[in-house]
1. Take the residues in the stretch 113-124 that are touching a residue at least 40 places away in the same chain (Cβ under 8 Å) and touching a helix residue (DSSP H, G or I) at 6+ places or on another chain (Cβ under 9 Å); name whichever of them is nearest to residue 9 (Cα to Cα).
2. Cβ-Cβ distance below 8 Å, separation of 6 or more or different chains: which pairs start in the stretch 228-241 with a residue that is in contact (Cβ under 8 Å) with a residue 24 or more places away in the chain and end on one that is in a helix (DSSP H, G or I)?
3. Can you find a residue that is farther than 18 Å from residue 83 by Cα, touching a helix residue (DSSP H, G or I) at 6+ places or on another chain (Cβ under 8 Å), modelled with pLDDT under 95 and assigned to a loop (DSSP other than H, G, I, E, B) anywhere in the stretch 160-182?
4. Being surrounded by fewer than 18 Cβ atoms within 10 Å (Cβ to Cβ), over 20 Å from residue 277 (Cβ atoms) and in contact with a strand residue (DSSP E or B) (Cβ under 8 Å, 6 or more places away or on another chain) is true for just one of 203, 253, 214, 241. Which residue is that?
5. I'm trying to understand the selection: among the residues of the stretch 295-315, which are modelled with pLDDT of 95 or more, under 22 Å from the mean Cα position of the chain (by Cα) and more than 16 Å from the ligand (Cβ to nearest atom)?
6. Kindly indicate whether any position in the stretch 12-31 is buried (at least 22 other Cβ atoms within 10 Å of the Cβ), within 16 Å of the ligand (Cβ to nearest atom) and either on the phi > 0 side of the Ramachandran plot or not in a helix (DSSP H, G or I) (or both).
7. For residues that are part of a loop (DSSP other than H, G, I, E, B) and over 22 Å from the mean Cα position of the chain (by Cα), scanning just the stretch 97-108, find the one that is farthest from residue 123 (Cα to Cα).
Ligand code: ZN
């Protein structure tokens, strides 16, 4: 019973159209799902990923137009790292310049890092990674070369008050291991861990944050990271294991595209464990992913009430 890597990461956005345009037109990901936050149906939940929503490529946002921005801080994931193919940094730099997106460049090929933010200020990094990713389908919509497409998550930085409780929890309870291959391009100030079974070899940096106070949520911050498991049996095993470790874990939640449990790690960051299935074609065909508002069956009879409250989106 092992975790398989990162499943998805969920953050807060302000304006949904600005968020959608950035992830599709700048980062070249596919908009694979428009739905609402099942726990807060007045707000969109937008999903961006590779062509088919492969777990490990899925970045999602709760959109709160007009909400006050928040700065990433302690007790949060303060940087999301996306993997780009080794050798593609120059093409990415040109693409960002063409689209007037500010960025900083660090490191050198084949480990170049491009640092930017999403439209609400969340730090994002594009990391050149020489990975053979077998489970990944690039989204080729005509404005991006196939040899530069984002291949999924390269990792995250977890900002916590103390490294030790979080890193002990990640290793002893969740089964992560120390990553020997990490280089200074990852930041170098924290402990770097990885999930042994993760074919993307995502690096989970646990970073000691002694300067910032405990963060609050808002556009510009990450809400949670979800870890992959194969199926419901593995999810139930994790729920039992976390309960046995006295972790305050939720019951299993039906998320339509996956099933999930939630808990917090000792540094305060919200973790989720999510199943690979049934996946994003549960309610739309591959060709139509993201094309129209999807609601779970238990909200479908409230569509006439929910849909008019959401701002229109141009996909
Ligand atoms: Zn989630």
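The values are calculated or read from the model by the stated rules, or taken from the named source; none is laboratory data. As the structure is a prediction and not an experimental result, all values here were calculated from the model. Backbone-built Cβ (ideal geometry, glycine too); neighbour counts: all protein chains shown.
1. Among those that are touching a residue at least 40 places away in the same chain (Cβ under 8 Å) and touching a helix residue (DSSP H, G or I) at 6+ places or on another chain (Cβ under 9 Å), it is 118.
2. Here the result reads 229/235; 229/238; 241/173, each pair linking the stretch 228-241 to a residue that is in a helix (DSSP H, G or I).
3. No, that holds for no residue.
4. 214
5. Within the stretch 295-315, 295, 313 meet the criteria.
6. yes
7. Ranking the candidates gives 108 first.
Yes or no, residue by residue, for (1) modelled with pLDDT under 95; (2) over 25 Å from residue 258 (Cα atoms); (3) away from the ligand (no atom under 16 Å from the Cβ); (4) part of a strand (DSSP E or B):
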position	(1), (2), (3), (4)
35	no, no, no, yes
42	no, no, yes, yes
55	no, no, no, no
60	no, no, no, yes
65	no, yes, yes, no
69	no, yes, yes, no
77	no, no, no, yes
83	no, no, yes, yes
95	no, yes, yes, no
